[in-house]
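> This is the structure I have questions about; it appears just below.
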Amino acid sequence: MDNLRLWHKFLQTIKEQLDSGSFRTYFMPVTLKSNDEEKIVLSTPTAFIQANLSQKYLPLIEATFEKLLDKKVSVSFIVKETEDKPREEEADFFQAMPQSRTSSLNPKYTLENFVVGPSNNVAYAAAQAVASNPGTSYNPLFLYGGTGVGKTHLMLGIGNAILKKKPEAKINYCPSEKFMNDYVEAIKTNRMGDLRKKYRAADVLLIDDIQFFSGREGTQEEFFHTFNELQSRNSQMVITSDRSPNEIEKIEDRLKSRFAGGLMLDIQLPDFDTRVAILKAKSAESGVDLPEDSLKLIASSLDSNTRELEGKLTQILQVLKLKNLEPSIENISQFLGSSPNKPLVLDQKKVLHSICSYFDLNMKDLTGPKRQKELVLPRHLAMYILSEELKLTVERIGSLLGGRDHTTVMHARDKMKKLIQNDREVQRIFIEVRQKISTV
Ligand code: ADP
Ligand code: MG
C-alpha cells in the first residue's frame, strides 16, 4: 500500500471513532510523511496539532495503523514549517481518549429522519423493504457509495426499525474492523467457538465498511461461513462499502458472488434540492428554523457529501449563537465569506498550494516537467479545479502548470470529470482536496 492510500484508509477508519470536530481539527490537516519498517512519521502543520495528537490520540493512532498494516508500529510527528526547530509544547488539558463506538445501535439514526432524494431513493426504498420483512426480501442488502453519503445512517435506520417492531431481536451492528479484530483475537486465544456463537446467533447482522476486509484472507474465510449460516437461517444481513464489490481489491470471488446474490445499490452525492432538505431537517433537529434562502445559500456553497454539509451547518449555527445573530442570509453569507450571489472565492495560489500540501509535493514537482505516475492525479485535479471552479481559461491553466499545452489541459479536465463521477477513490480525494482548499 502506498503512503497516500494508507493515509486515506487511516483517515476513513479513525473518522468513525472521533467526533467530527476533532477529526477535522487534528487529523484532516495532517499528512503521512514516511512509513519505513515499523516507523511511521506524520507531518503536522502546527506545534499545537502535534502536541494534541501525541498527548491525546497516540494510542488510537498506533492501534489504527496496526490494524491496517497488521503489524506493530511506532508513530512520531514532525511539524511541517519548523521541522528543525525544537518542538514547542502547548499547555492543554488532558482529555479522556474518545471511546470507540460500541456495537450497540445508535438510536439517533432512523429511517424517519433520513432525507430522501434522487441520490438515495432506491437505497432508501430497499432499506424500508428490508426493515419490514427482514431476511426475506433482499439478503444481503449491499449499500455502497463514497464517504459521508449516508450508508451507515441507512444501515442503522434498518436496525432501529426492526428493533422497534421486535425489541427482542438480536441485532449486531459491526464495523468491519470489529469483526477483523474479533477474528484475530479468537485465533490468538483459541476461542473460535465463542466468535462463531456470537456472530452466528444474530437475527440481523450489519457489517459496516466491508472494504476493509480487503486482503484479509482469514477474516474473509470466517465471514464467508458466517454469511452462509446466517443466510440459511434467513437472518438479515446488511453490508456497506465505500465501493462496489467488484471494485474492492483482494476480496474472494465467492464472497463477491454472495454479495451479488442479494441486492446491491449505490448512494450518490446528494443533489442541490436534497442538500437543502437535509440542511432543513438537521437545523430543525438542532431547534433552529433557518429561512429557505439561507438553506439554499449554504447548500450551494458546498457540493460534497452530507457529513461535510452537516459539519458546515453546525459551525454556522454555533457562530450565529455565539455572536447572537439572526440566521439571515446576510449573516450566513458573511460567515461563508461570500456575498449572497457570488460563489466562494478561491484563488489559484490557494488551489495549487492545497494540492501540493494534500499530496505532500513541492510546487516544482506539480508544475515541473517530471512525468512520474504519482504526479498525474495531482496535476489533473489542479487543472480540473482551476477550470471548473475558478473558470480560468485552458491556456491560462496550461501556463500556470509550467507551460503545458491547452489541449493537454482540456483532456485532463474532461478525464477528471468522468473519474470524479465514476471512481470512488478519486471522488473521495477530490472531496478532501476541495475541502482543504476551502478551509485554508
Ligand atoms: P457514510 O456511512 O456513507 O460515510 P453516514 O451515514 O455516516 O455516511 O452519514 C454522514 C452524516 O450525514 C450522518 O450524520 C448522517 O446522519 C448524515 N446523512 C447522510 N445522508 C443523510 C440523509 N439522506 N438524510 C439525513 N442525514 C443524512
Ligand atoms: Mg459509514
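> Does D209 fit the bill of being within 16 Å of ligand 1 (Cβ to nearest atom), in contact with a strand residue (DSSP E or B) (Cβ under 9 Å, 6 or more places away or on another chain) and touching a residue at least 24 places away in the same chain (Cβ under 8 Å)?
For D209, the condition - within 16 Å of ligand 1 (Cβ to nearest atom), in contact with a strand residue (DSSP E or B) (Cβ under 9 Å, 6 or more places away or on another chain) and touching a residue at least 24 places away in the same chain (Cβ under 8 Å) - is met.
> Test L390 against the criterion of being in a loop (DSSP other than H, G, I, E, B), modelled with pLDDT under 85 and open to solvent by 20 Å² or more (accessible area, probe 1.4 Å), and give yes or no.
Spelling it out, L390 is indeed in a loop (DSSP other than H, G, I, E, B), modelled with pLDDT under 85 and open to solvent by 20 Å² or more (accessible area, probe 1.4 Å).
> Can you find even one residue in segment 334-350 that is surrounded by 20 or more Cβ atoms within 10 Å (Cβ to Cβ), of a type outside the set (D, E, K, R) and in contact (Cβ under 8 Å) with a residue 40 or more places away in the chain?
no
> Right, next: Could you tell me how many of the residues in segment 363-387 are in contact (Cβ under 8 Å) with a residue 24 or more places away in the chain and open to solvent by less than 80 Å² (accessible area, probe 1.4 Å)?
13
> Right, something else. Can you report the number of residues in segment 120-137 which are under 18 Å from A169 (Cα atoms) and either buried (at least 23 other Cβ atoms within 10 Å of the Cβ) or away from ligand 1 (no atom under 14 Å from the Cβ) (or both)?
10
> Please work out which one of (1) in a loop (DSSP other than H, G, I, E, B); (2) within 16 Å of ligand 1 (Cβ to nearest atom); (3) open to solvent by less than 30 Å² (accessible area, probe 1.4 Å); (4) not charged (D, E, K, R) is the condition I298 fails and give its number.
It fails just one condition, (1).
> Somewhere in segment 229-241, is a residue open to solvent by 10 Å² or more (accessible area, probe 1.4 Å), more than 16 Å from ligand 1 (Cβ to nearest atom), free of Cβ contacts under 8 Å to residues at least 24 places away in the same chain and part of a helix (DSSP H, G or I)?
Yes.
> Something else about it: Got a sec? Which helices (runs of 4 or more DSSP H) wholly within segment 103-201 have at least 1 residues that are touching a Pro at 6+ places or on another chain (Cβ under 8 Å) and of a type outside the set (D, E, K, R)?
Ranges flagged: 151-165.
> Given the conditions (1) touching a helix residue (DSSP H, G or I) at 6+ places or on another chain (Cβ under 7 Å); (2) over 24 Å from F27 (Cβ atoms), and given that K370 satisfies all but one, which numbered condition is not satisfied?
(1)
> Would you check if D253 is among the acidic types (D, E) and either open to solvent by 50 Å² or more (accessible area, probe 1.4 Å) or not assigned by TED's automatic domain parsing to the domain that holds N139 (or both)?
Here the answer is yes, as D253 does meet what is asked.
> Restricting attention to segment 393-439, which residues are among the aromatic types (F, W, Y) and surrounded by fewer than 20 Cβ atoms within 10 Å (Cβ to Cβ)?
None; the set is empty.
> When segment 150-165 is examined, which residues are found to be within 9 Å of L111 (Cβ to Cβ), more than 14 Å from ligand 2 (Cβ to nearest atom) and out of contact with any strand residue (DSSP E or B) (no Cβ under 9 Å at 6 or more places or on another chain)?
A161
> Follow-up question, since we're still on this one. For a quick check of your reading of the model, give me the residue pairs whose first member lies in segment 301-329 and is over 15 Å from A281 (Cα atoms), whose second is loosely packed, with under 14 Cβ neighbours inside 10 Å and not aromatic (F, W, Y), with beta-carbon atoms closer than 6 Å and at least 6 apart or on different chains.
That search, which allows pairs on different chains as well, returns S301/L344; I329/D293.
> Another question about this same structure. Give just the number: which of (1) at pLDDT 90 or above; (2) within 16 Å of ligand 2 (Cβ to nearest atom); (3) open to solvent by 50 Å² or more (accessible area, probe 1.4 Å) does D19 not satisfy?
Unmet condition: (1).
The values are calculated or read from the model by the stated rules, or taken from the named source; none is laboratory data. These numbers were taken from a predicted model, which means no experiment stands behind them. Cβ sites come from the backbone with ideal geometry, for glycine too, and all protein chains shown count toward neighbours. Side chains included, ligands, DNA and RNA excluded: accessible areas come from the protein's heavy atoms. Shrake-Rupley method; radii C 1.70, N 1.55, O 1.52, S 1.80 Å.
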